[in-house]
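The values are calculated or read from the model by the stated rules, or taken from the named source; none is laboratory data. Remember, it's a predicted structure, so these values are computed and weren't measured experimentally. Quick reminder, even Gly has a Cβ in these numbers, built from the backbone with ideal geometry, and neighbours come from all protein chains shown.
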Amino acid sequence: MKNTLSSRRFIIMGIFITVGIIYIIRLLFLQVFDDSYAQLANRNALRFVTQYPARGLVYDRNGELLVYNELVYDLMVIPRQVKDLDTALLCELVGITKEQFLTRMQKAKAYSSYAPSSFEKQISKEDFGAIQEKLYKFSGFYAQSRTLRYYPHAVGSHVLGYVGEVDENMIKKNPYYKKGDYIGMSGLEKYYEDLLRGTKGSKITLVDVHNREKGSFQNGKYDTASIAGHNLYSSIDLELQKYAEQIMANKRGSIVAIEPSTGEILCFVSAPFYDPNLLVGRVRGNNYMNLLNDIAKPLFNRALMAQYPPGSIFKVAQAMAALDMGVVSPNTSFPCDRSLVGCHNHPTASNVRDAIKMSCNPYFYRLYQRIIQQRNDTKGKIDSKYGLSLWDDAMYKLGFGQKLEIDLPNVKAGAIPDTSYYRRIYKGDGWNFYTIYSNSIGQGEVEVVPLQMANFAAIVANRGWYITPHLVRYFGDENSKKRNTKYTQRHYSTIAKEYWDIAVEGMWAVVHEAGGTARRARIDDIAVCGKTGTAQNIGADHSVFICFAPKDNPQIAVSVYVENAAGGGGTWAAPIASLICEKYIRKEVLRKDMEETYINAAPCQSLPLRRYVQKSSSD
């Protein structure tokens, strides 16, 4: 009996000891190894607030501010801490209905009952004043400051871009971003996001049971300061940008102007455009959908993404390639034989210069024929595939058929058709010069983006070289500006300078001599060199023009596209480009009557447009 009682005592003691050990181990795990319970307790007394950095500012080339920051507030909520809430008062202050309140609270709880999430975003300083006075009444709610972008001149929407809230895919790709963060969505805001955004900080604040902040936790020992983003010093000339947008305000198309010697973009317009302030703040969502659904596509960046047939402006590139290959000489003459391809009335071009000046379609038909129908010594016969491969290579070297590495996202490459393209289209080798001759006058399968044509104008202006077009000259702060060396390197063509001189003379004659196709582009005392084009697409033809000025020591190179504006390049695009040149070089426009005419003109065919049917054209 005694032994039985002794055994039971040891068993009972063992059970108590075992249970005690389990509790000790569990407490040790909770307090030492697992901090989740400590975190939950801390959240009842501590508030972890993200310190958002000031986003970098953006300036124009003359130091004018294009983008700056304005202070706003996000109303945050921690659902678990919400108690005894006066819902009606909160809804009144925030300006929402009870149904909206319930929806937002449900969304916050679904995200986390313990972690903060946004309840109302981007409250202005003025609107937040009334909320701030009574915020102490709403346990679980607090304000978090951040900055929003503001565009004081309301220009450059396709250059500057906009910022928006990150989504789940963005967060997965880059763990730096958390729910509620903002990121550059387009333009310079997107391309230079890593420089502009800065580095987030964190602040830990003590909070009492009445939702009132009581100071920093441990005197800010664990706080980290945010670091402001880098500033961007752009190449845009604000006054020229304003002027270009004024001209294109009631048109569709684009203007790109480049400083040839540096590759710096002076103005960059895609029309229609929009006030970039429309995509800022609490109205952004509605405005974005309105812009997205607009039939004129104002969000579409035509200067980078619209791929047009170049029309006759492409003839200058064709001439340079043919001269370089030796298939024509500077004094080669072809008759204006309209049985080959349509043309306008003009004398026979006796040389390449005059062919450029008069934009003779049959001349460039014959010139392109000589490029394509070259003798392949390996095969011992005329070989169109061989000729096309040489032509492709020449066009690529002039910047066509490839993406120019401008510091903006979503740039397109255009299209220079090659042998593989035609094999696919014609199911093998069933093609030759006579099936692709439309390429000779910039129609057919050739496509360019306006940026490429502005860059080509800069190549001619420089007599055979260019620096990759770009929009940011420097970045950093005022005392430590840095430059991307990629945008300081010259890219040279292999074409001899004397051939580029022929192109320059031909483009000068286009504007200044009788028989030239762009007499409306003339400016007194400024030698403008240009080339007109009539590019076919959906509906009425596009009016196209490239130019540079002055002829010697050029300061500006321009491409202008006016969509579906019947009348040819000399009617619409050429005068507009000359106004841009005059504004930049003189800083004012003296031709007031012309200025008023083209600012007020609305030549673009109404949308929607008829289905496109390809046909031949000339200037």
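Does any residue of the stretch 351-359 turn out to be over 24 Å from Ala457 (Cβ atoms) and either at pLDDT below 95 or assigned to a helix (DSSP H, G or I) (or both)? Spell out how you get there, then give the answer.
Filtering the stretch 351-359 for residues over 24 Å from Ala457 (Cβ atoms) gives none.
Among the residues of the stretch 351-359, not one is over 24 Å from Ala457 (Cβ atoms) and either at pLDDT below 95 or assigned to a helix (DSSP H, G or I) (or both), which makes the answer no.
Among the acidic types (Asp, Glu), assigned by TED's automatic domain parsing to the domain that holds Lys179 and touching a residue at least 40 places away in the same chain (Cβ under 8 Å), is that true of Glu120? Break it down into steps so the answer makes sense when it comes.
Details: among the acidic types (Asp, Glu): yes; assigned by TED's automatic domain parsing to the domain that holds Lys179: yes; touching a residue at least 40 places away in the same chain (Cβ under 8 Å): yes.
Taking the combined requirement at face value, the residue satisfies it.
Hey, among the residues in the stretch 383-412 that are among the aliphatic types (A, V, I, L, M) and within 18 Å of Met453 (Cα to Cα), which one's surrounded by the fewest Cβ atoms within 10 Å (Cβ to Cβ)?
Quick first cut of the stretch 383-412, residues among the aliphatic types (A, V, I, L, M) only: 388, 390, 394-395, 398, 404, 406, 408, 411.
Going one step further and asking which of them are within 18 Å of Met453 (Cα to Cα), we end up with 394-395, 398, 404, 406, 408, 411.
On the way: Ala394: 22, Met395: 24, Leu398: 22, Leu404: 22, Ile406: 21, Leu408: 26, Val411: 19.
Within the stretch 383-412, the match that is surrounded by the fewest Cβ atoms within 10 Å (Cβ to Cβ) is Val411.
In the stretch 424-465, what count of residues is obtained for those that are part of a loop (DSSP other than H, G, I, E, B) and of a type outside the set (A, V, I, L, M, F, W, C)?
Going residue by residue through the stretch 424-465, those that are part of a loop (DSSP other than H, G, I, E, B) are 426-432, 442-446, 449, 462-464.
Within this subset, residues satisfying the condition of being of a type outside the set (A, V, I, L, M, F, W, C) are 426-430, 432, 442-445, 462-464.
Selection size over the stretch 424-465: 13.
Filter the stretch 338-359 for residues that are surrounded by 15 or more Cβ atoms within 10 Å (Cβ to Cβ) and charged (D, E, K, R); which is nearest to Phe545 (Cα to Cα)?
Selected residue: Lys357.
I'm checking my understanding of the structure. Among residues of the stretch 321-341 that are touching a Ser or Thr at 6+ places or on another chain (Cβ under 8 Å) and in contact (Cβ under 8 Å) with a residue 40 or more places away in the chain, which one is farthest from Gly567 (Cα to Cα)? Reasoning before the result, please.
Looking only at the stretch 321-341, we keep the residues that are touching a Ser or Thr at 6+ places or on another chain (Cβ under 8 Å), and these are 323-324, 331, 333-336, 341.
Those left that are additionally in contact (Cβ under 8 Å) with a residue 40 or more places away in the chain: 323-324, 341.
On the way: Leu323: 31, Asp324: 33, Val341: 19 Å.
Filtering first and then ranking leaves Asp324.
Given the conditions (1) within 24 Å of Cys581 (Cβ to Cβ); (2) out of contact with any Ser or Thr (no Cβ under 6 Å at 6 or more places or on another chain); (3) buried (at least 19 other Cβ atoms within 10 Å of the Cβ), report the number of the one that Gly464 does not fulfil.
Checking Gly464 against (1) within 24 Å of Cys581 (Cβ to Cβ); (2) out of contact with any Ser or Thr (no Cβ under 6 Å at 6 or more places or on another chain); (3) buried (at least 19 other Cβ atoms within 10 Å of the Cβ), the one that fails is (2).
So, in the stretch 575-599, exactly how many residues are more than 15 Å from Ile556 (Cβ to Cβ) and under 27 Å from the mean Cα position of the chain (by Cα)?
Summing the residues that are more than 15 Å from Ile556 (Cβ to Cβ) and under 27 Å from the mean Cα position of the chain (by Cα) in the stretch 575-599 gives 3.
Test Ala143 against the criterion of being modelled with pLDDT of 85 or more and over 21 Å from Tyr73 (Cβ atoms), and give yes or no. Even if it seems obvious, please write down each step before you answer.
Values: modelled with pLDDT of 85 or more: yes; over 21 Å from Tyr73 (Cβ atoms): no.
Spelling it out, it is not the case that Ala143 is modelled with pLDDT of 85 or more and over 21 Å from Tyr73 (Cβ atoms).
For the list (1) at pLDDT 85 or above; (2) within 30 Å of Leu304 (Cα to Cα); (3) more than 18 Å from the chain's Cα centre (by Cα); (4) β-branched (Val, Ile, Thr), I need the number of the one condition that Ile183 fails.
Answer for Ile183: the failing condition is (3).
Only one residue in Tyr396, Tyr386, Tyr421 is hydroxyl-bearing (Ser, Thr, Tyr), within 28 Å of Asp337 (Cα to Cα) and in a helix (DSSP H, G or I), so which one is that?
Numbers: Tyr396 fails: within 28 Å of Asp337 (Cα to Cα); Tyr421 fails: within 28 Å of Asp337 (Cα to Cα).
Step by step, each of Tyr396, Tyr386, Tyr421 is checked, and only Tyr386 is hydroxyl-bearing (Ser, Thr, Tyr), within 28 Å of Asp337 (Cα to Cα) and in a helix (DSSP H, G or I).
Quick one: what pairs do we get from the stretch 364-392, first residue farther than 19 Å from Gly430 by Cβ, second of a type in the set (Lys, Arg), C-beta under 9 Å, 6+ apart or different chains?
Phe364/Lys315; Leu367/Lys315; Arg375/Lys381
Pick from the stretch 101-142 the residues that are of a type in the set (Asp, Glu) and outside any strand (DSSP E or B): which of them is surrounded by the fewest Cβ atoms within 10 Å (Cβ to Cβ)?
Glu126
Considering (1) in a strand (DSSP E or B); (2) modelled with pLDDT of 95 or more, say which one Phe475 fails and leave the rest.
(2)
Please note which strands (runs of 3 or more DSSP E) are completely contained in the stretch 212-324 and include at least 1 residues that are on the phi > 0 side of the Ramachandran plot and surrounded by 16 or more Cβ atoms within 10 Å (Cβ to Cβ). Break it down into steps so the answer makes sense when it comes.
Values: elements: 213-216, 231-234, 253-259, 264-271.
Fully inside the stretch 212-324 and qualifying: 253-259.
Where the second residue is outside any loop (DSSP other than H, G, I, E, B) and of a type in the set (Lys, Arg) and the first is touching a residue at least 12 places away in the same chain (Cβ under 8 Å) and under 16 Å from Leu66 (Cβ atoms) and lies in the stretch 255-267, which pairs have Cβ atoms under 8 Å and are six or more apart or on separate chains?
Glu264/Arg473
Please go through the stretch 499-530 and give me each residue that is closer than 21 Å to Gln443 by Cβ and either surrounded by fewer than 18 Cβ atoms within 10 Å (Cβ to Cβ) or modelled with pLDDT under 95 (or both), ordered by number. Can you show your working first?
Of all residues in the stretch 499-530, those closer than 21 Å to Gln443 by Cβ come to 503, 506-507, 510, 517-518, 530.
Across the stretch 499-530, the qualifying residues are Thr517, Ala518.
What number of residues within the stretch 69-102 satisfy the criterion of being more than 27 Å from Tyr150 (Cα to Cα) and over 36 Å from the mean Cα position of the chain (by Cα)? Step through it out loud before you land on a result.
Start the filter on the stretch 69-102 by keeping residues that are more than 27 Å from Tyr150 (Cα to Cα), which leaves 78-92, 97-102.
Within this subset, residues satisfying the condition of being over 36 Å from the mean Cα position of the chain (by Cα) are 78-92, 97-99, 101-102.
Selection size over the stretch 69-102: 20.
Given the conditions (1) surrounded by 14 or more Cβ atoms within 10 Å (Cβ to Cβ); (2) touching a strand residue (DSSP E or B) at 6+ places or on another chain (Cβ under 7 Å), which single one is not true for Ile436?
With (1) surrounded by 14 or more Cβ atoms within 10 Å (Cβ to Cβ); (2) touching a strand residue (DSSP E or B) at 6+ places or on another chain (Cβ under 7 Å) applied to Ile436, the lone miss is (2).
Determine which single condition Ser618 fails, assuming it passes every other condition in (1) outside the structural domain of Gly311 (by TED's automatic domain parsing); (2) at pLDDT 95 or above.
(2)
Restricting the first residue to the stretch 159-176 and requiring it to be in the same structural domain as Arg146 (by TED's automatic domain parsing) and at positive phi, which pairs with a second residue that is buried (at least 19 other Cβ atoms within 10 Å of the Cβ) and of a type in the set (S, T, N, Q) meet a Cβ separation below 7 Å and a spacing of at least six or different chains?
Gly161/Ser186
Among the residues of the stretch 453-490, what is the count of those that are without any contact (Cβ under 8 Å) to a residue 60 or more places away in the chain and touching a Phe, Trp or Tyr at 6+ places or on another chain (Cβ under 7 Å)?
Initially, the stretch 453-490 is screened for residues without any contact (Cβ under 8 Å) to a residue 60 or more places away in the chain, giving 463-465, 479-480, 482-483, 485, 488-490.
Next, only the ones that are touching a Phe, Trp or Tyr at 6+ places or on another chain (Cβ under 7 Å) stay: 463-465, 482-483, 490.
The qualifying residues number 6.
List the pairs whose first member sits in the stretch 405-417 and is closer than 22 Å to Gln489 by Cα, whose second member is surrounded by fewer than 21 Cβ atoms within 10 Å (Cβ to Cβ) and acidic (Asp, Glu), and whose Cβ atoms are under 9 Å apart, counting only residues at least 6 apart or on separate chains?
Val411/Glu405
Does Leu102 qualify as being free of Cβ contacts under 8 Å to residues at least 60 places away in the same chain and either in contact with a helix residue (DSSP H, G or I) (Cβ under 7 Å, 6 or more places away or on another chain) or not polar (S, T, N, Q) (or both)?
Numbers: free of Cβ contacts under 8 Å to residues at least 60 places away in the same chain: yes; either in contact with a helix residue (DSSP H, G or I) (Cβ under 7 Å, 6 or more places away or on another chain) or not polar (S, T, N, Q) (or both): yes.
Criteria met by Leu102.
Being free of Cβ contacts under 8 Å to residues at least 40 places away in the same chain and touching a Leu at 6+ places or on another chain (Cβ under 9 Å) is the filter here, so list the residues in the stretch 393-404 that pass it.
None - no residue of the stretch 393-404 is free of Cβ contacts under 8 Å to residues at least 40 places away in the same chain and touching a Leu at 6+ places or on another chain (Cβ under 9 Å), so the list stays empty.
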